[in-house]
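The values are calculated or read from the model by the stated rules, or taken from the named source; none is laboratory data. Not measured: the values here are computed from a predicted model. Here Cβ is always computed from backbone atoms with ideal geometry, including for glycine, and neighbour counts include all displayed protein chains.
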Amino acid sequence: MIHKASHMTSQALDRIAPSRTNAMTDRAIALRAEGRDIISLSVGEPDFPMPAHVKQAVRDALDADDTRYTAVAGTAALREAAALHFARDLGISVPAGQVIVSAGGKQAIFHALLATLDPGDEVLIPSPWWVSYPEIVRFAGGVVVDLPTTAAGGFRITPAQLEAAITPTTRWLLLNSPGNPTGATYPAVELLALADVLRRHPQVLVLSDDIYAPLRYTGGAHATLAALCPDLAERVLTISGVSKSHAMTGLRIGVAAGPDWLVRAMGKLQSHNSGNPASLSQAGAVAAFTGPQDFLIDWRERFRARRDAVVAAINAIPGLSTPVPDGAFYCMIDAAPHMPRFGDDEALALHLLEHGVAVVAASAFGGHDGFRISFAADEARLADALHRIERALA
Ligand code: GLU
């Protein structure tokens, strides 16, 4: 059959849907441009301004005409700084040559999966999951295997669940701790138990997305597989960055550390895609990784206070409930009692948008009957948003 060229998209593209976090945020921006008063709790980004020393580093780079191509995998200075970050903050000791810098963590994940998946390869993803994981897997021709988790189980998978899901064609396990959208955070003891399962299945790679590591509210050191189990380091790729920690989402810098073969494979793809990440953003990220880190504790405590206020307010609204997230800055809210009125959670999210609050339906994350909010907004906006949600559901 001959198609009209203007209507032809690839099979790979037709397998995926647009990002629903980004779609809702774009919608909120468009409504605001029309003059509507919309509070956006749909996207996860800190409302704090980027730290002054990072701004200065970007200005200095501009003044120094640091505006040319850099090495595809990032400048030597940034790869060194990122290696320092992996060792200091995540306990992962890795040479700078096994670090790649990308245009946001999302690009690193995209390249890792695209560089390793063949059609039919299975990828295990605990749900609720971050919106882009399954879409990237499907785009790359992989098969998404859902590992459902529950609020009662802390939104964490068990070793038995992992063991039962692995087949000879399993290629990846995606772990995100602290997790988006639930805040689920794996303690070391649970990661060690998952590692025991993984040792029995050498075909399985692990993508450990640790982008929210600085935002843990439970105390103790951050636990991550590559640090806990050096014997698995040859098949663990750890994702980190400065977007969430240093309020630099728009600068688009993510970093990944992993085995040499995989980092090279990702670099090969990156060389034909974006090439290097933006030079000025890289200069800012060097300052973020090597500059003062103590303000991160103040920021985390402000997020903790917001979390506590938001969780209490949500649980006081009839028909809404949320567990206390251990990390990140999202609440996954159950709204099942309201579902008969709306039909599905997308309709509920649109209803809330009509009442001036942008949220993302739980189904975007492989969940159901609820919605996610980000509490990375200032206290007054959060309080206003929660009143609007209460009125909208009354
Ligand atoms: N990761 C953030 C979120 O989930 C940013 C938006 C996105 O890329 O999905 O809101």
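Within the option set L113, L192, L124, L173, being within 16 Å of the ligand (Cβ to nearest atom) and touching a helix residue (DSSP H, G or I) at 6+ places or on another chain (Cβ under 8 Å) holds for one residue only, L113.
Screening A17, A30 for residues that are modelled with pLDDT under 95, hydrophobic (A, V, I, L, M, F, W, C) and assigned to a loop (DSSP other than H, G, I, E, B) leaves exactly one candidate, A17.
Within region 17-45, how many residues turn out to be over 25 Å from R138 (Cβ atoms), within 11 Å of the ligand (Cβ to nearest atom) and crowded, with 20+ Cβ neighbours inside 10 Å?
We begin by selecting, within region 17-45, every residue over 25 Å from R138 (Cβ atoms); these are 28-41, 45.
So of that shortlist, the ones also within 11 Å of the ligand (Cβ to nearest atom) come out as 40-41, 45.
Subset that is crowded, with 20+ Cβ neighbours inside 10 Å: 40-41.
Result for region 17-45: 2.
A61: part of a helix (DSSP H, G or I), within 16 Å of the ligand (Cβ to nearest atom) and surrounded by 19 or more Cβ atoms within 10 Å (Cβ to Cβ), yes or no? No: the conditions fail for A61. Residues of region 234-271 that are among the charged types (D, E, K, R) and within 13 Å of the ligand (Cβ to nearest atom): K244, R252. A single member of V131, V137 is buried (at least 18 other Cβ atoms within 10 Å of the Cβ) and within 21 Å of G267 (Cα to Cα), and it is V137. Of all residue pairs spaced 6 or more apart or on separate chains, those with beta-carbon atoms under 7 Å, a first member in region 269-280 that is over 15 Å from A140 (Cβ atoms) and a second member that is assigned to a loop (DSSP other than H, G, I, E, B) and of a type in the set (D, E) are S279/D66; L280/D66. Just one of the listed residues (V197, V263, V189, V255) is out of contact with any Cys (no Cβ under 6 Å at 6 or more places or on another chain), in contact (Cβ under 8 Å) with a residue 60 or more places away in the chain and assigned to a helix (DSSP H, G or I), and it is V263. The selection criterion, being surrounded by fewer than 17 Cβ atoms within 10 Å (Cβ to Cβ), away from the ligand (no atom under 16 Å from the Cβ) and within 24 Å of the chain's Cα centre (by Cα), does not hold for I314.
When the residues of region 128-149 are narrowed to those that are more than 20 Å from T21 (Cα to Cα) and among the aliphatic types (A, V, I, L, M), which ends up nearest to the ligand (Cβ to nearest atom)?
Of the residues in region 128-149, the ones more than 20 Å from T21 (Cα to Cα) are 140-143, 145, 147-149.
From the residues that got through so far, the ones that are among the aliphatic types (A, V, I, L, M) too are 140, 143, 145, 147.
Details: A140: 17, V143: 22, V145: 21, L147: 19 Å.
Per the criteria, the residue is A140.
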